[in-house]
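Student: Pasting in a structure now, in structure tokens, and then I'll have a few things to ask.
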Amino acid sequence: MTGYHRAMIREPFDAASERPVRLGPLPDEALDALVVVLDEIRFGRSRSRSELVTRTGLGRAIVAQRVGELIERGLVTEGDVGPSTGGRPPRQLTFRADGGYILVADLGATSIDVAVTTLDGRILGHHDEPARIEAGPETALDRVDVLFDSLVRTTQGLPGRLWGVGIGVPGPVEFASGRPISPPIMPGWDGYAIRERFAARYGAPVWIDNDVNVLALGEWRSGVAAGHANVVVVKIGTGIGAGIISDGHLHRGAQGSAGDVGHIQVTDDPTVVCRCGNIGCLEAVAGGAALGRAGQGAAEDGRSARLQTALDQRGVVTAEDVARAASFGDPVAVALLGEAGRRVGSMLAGIVNFFNPSLIVIGGGVANSPDQLLAAIRETIYRRSLPLATRDLLVQRSSLGGLAGVIGASVMVGDQLFSRESLARWIEAGEPGGVTEVAS
Ligand SMILES: [Zn+2]
């Protein structure tokens, strides 16, 4: 018997009243309206029945029924009396973000970040540590299991049950199947069944996306990109990628590889060989690995005393060393960051002409460096893009820093759990924990 069927016969549990409740299936139109009403409340756009009526255009009776249904199913609570706008003061409707919890992991090329969050992406517990993605899926995901177990054990007041798992990985992911597809920097991960692995262990629905989409979701829902409908979030880490918010939705493209801007060709130089096997990719000249290599070259040639010190101390020069040296005014490091910034900016100028975003967010490990990089990116975009496209364009640094990935992975799980398609699969069971097929 599958998890889905087990969940179907398990009695939903009403945590508020501490008694099991049986709720029937919802007809299609009722589910449509339920999703609209839930989204309004979940994102804080509507806080009362009258606001819901005004904003959604649904009838008063429909709104009342759907709100009643959401309260009965434990997804929404009716709290304190809100501010009066004249008549009877309304009671505030709030999404019950502590109905369950979400486990998330953001895997980078050189790090693992894990967190446990509420259903609206609030972090309850967090841990990060260095790791090598190229060690392969068994090593990396076994470690994620250990860290998840530790978070669950040590987080005080964990709400309810596990509702979902979200994983970000540093490579292209086919979103529907949750499998990495020919990821250049993840040897051994091609086609690996990440979803099935976690679903079997945790008995909850699992979603996987590339780390840049996850970063974009985090910045869009809780960071600097909030309120913008057309955004490009660029991650400059070991490699380079972009997440695209288009018209208020994360744009994954037909297969899930939209935004893979690191492999746009920017030079014909045959000596610039990218990890993807092609010649002249952007990330092969401006990514963190390329910056580290260029810094190491400068150290070995004796062009930078500061980089030479880094090389002497650790035997290797990283992009972080270059960024640190630049922050102390090292001229070679400043020049390297400026050149990388111009390369990225030039690519982004093309994206700006093509896509016309209102905001570009620059994030990732290298982007947490001094202002030279951001300044060069910004200057090149404004110089190379069409005036209309840059008239109101903002170029800003990521605001969530190291937490953007885990927050974004949680947002991804929340958005999937409460999508119409998923809700239809678990609403009758009362909660998605145990209904792993929600994510298939
Ligand atoms: Zn490439």
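Student: Please list, ordered by first then second residue, the pairs with beta carbon atoms under 7 Å, 6 or more apart or interchain, first in the range 237-263 and open to solvent by less than 40 Å² (accessible area, probe 1.4 Å), second among the hydroxyl-bearing types (Ser, Thr, Tyr).
Tutor: The qualifying pairs do not exist here.
Okay, residues lined up against (1) closer than 30 Å to residue 126 by Cα; (2) among the charged types (D, E, K, R); (3) buried (at least 18 other Cβ atoms within 10 Å of the Cβ):
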{"position": "345", "(1), (2), (3)": "no, no, yes"}
{"position": "355", "(1), (2), (3)": "no, no, no"}
{"position": "372", "(1), (2), (3)": "no, no, yes"}
{"position": "376", "(1), (2), (3)": "no, no, yes"}
{"position": "380", "(1), (2), (3)": "no, no, yes"}
{"position": "385", "(1), (2), (3)": "no, no, yes"}
{"position": "395", "(1), (2), (3)": "yes, no, yes"}
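Student: Looking at (1) under 19 Å from residue 394 (Cα atoms); (2) buried (at least 20 other Cβ atoms within 10 Å of the Cβ); (3) not polar (S, T, N, Q), find the lone condition where residue 229 falls short.
Tutor: That leaves (2) as the condition not met.
Student: Return yes or no: is residue 225 assigned to a loop (DSSP other than H, G, I, E, B), away from the ligand (no atom under 16 Å from the Cβ) and closer than 19 Å to residue 364 by Cα?
Tutor: Spelling it out, residue 225 is indeed assigned to a loop (DSSP other than H, G, I, E, B), away from the ligand (no atom under 16 Å from the Cβ) and closer than 19 Å to residue 364 by Cα.
Student: Collect the residues in the range 288-304 that are within 16 Å of the ligand (Cβ to nearest atom) and open to solvent by 20 Å² or more (accessible area, probe 1.4 Å), keeping them in residue-number order.
Tutor: 289, 293
Student: Please pick out the residue among 153, 195 that is of a type in the set (D, E, K, R), more than 17 Å from the chain's Cα centre (by Cα) and not in a strand (DSSP E or B).
Tutor: Sole residue among the options that is of a type in the set (D, E, K, R), more than 17 Å from the chain's Cα centre (by Cα) and not in a strand (DSSP E or B): 153.
Student: Okay, moving on. Give me the residue from the range 264-287 that is open to solvent by less than 10 Å² (accessible area, probe 1.4 Å) and outside any loop (DSSP other than H, G, I, E, B) and, out of that set, farthest from the ligand (Cβ to nearest atom).
Tutor: This residue is 286.
Student: Right, another one. Condition check: touching a residue at least 24 places away in the same chain (Cβ under 8 Å), more than 19 Å from residue 285 (Cα to Cα) and surrounded by fewer than 24 Cβ atoms within 10 Å (Cβ to Cβ). Does residue 399 satisfy that?
Tutor: Against the criterion (touching a residue at least 24 places away in the same chain (Cβ under 8 Å), more than 19 Å from residue 285 (Cα to Cα) and surrounded by fewer than 24 Cβ atoms within 10 Å (Cβ to Cβ)), residue 399 qualifies.
For every residue, the table says whether it meets (1) at pLDDT below 95; (2) of a type in the set (A, V, I, L, M); (3) part of a helix (DSSP H, G or I); (4) more than 15 Å from residue 285 (Cα to Cα).
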residue: 297; (1), (2), (3), (4): no, no, yes, no
residue: 307; (1), (2), (3), (4): no, yes, yes, yes
residue: 320; (1), (2), (3), (4): yes, no, yes, yes
residue: 326; (1), (2), (3), (4): yes, yes, yes, yes
residue: 329; (1), (2), (3), (4): yes, no, no, yes
residue: 332; (1), (2), (3), (4): no, yes, yes, yes
residue: 335; (1), (2), (3), (4): no, yes, yes, no
residue: 344; (1), (2), (3), (4): no, yes, yes, no
residue: 349; (1), (2), (3), (4): no, yes, yes, yes
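Student: Here is a follow-up. Looking only at residues that are within 26 Å of the chain's Cα centre (by Cα) and at pLDDT below 95 in the range 269-282, which one is farthest from residue 337 (Cα to Cα)?
Tutor: Looking at the filtered set, the residue picked out is 276.
The values are calculated or read from the model by the stated rules, or taken from the named source; none is laboratory data. Just so it is clear, the structure is predicted and the values come from calculations on it, not from any experiment. Counting neighbours? That spans all protein chains shown, and the Cβs are built from the backbone with ideal geometry, glycine included. Ligands, DNA and RNA are stripped out before the accessible areas are found, and what is left, the full protein with its side chains, is counted by its heavy atoms. Shrake-Rupley method; radii C 1.70, N 1.55, O 1.52, S 1.80 Å.
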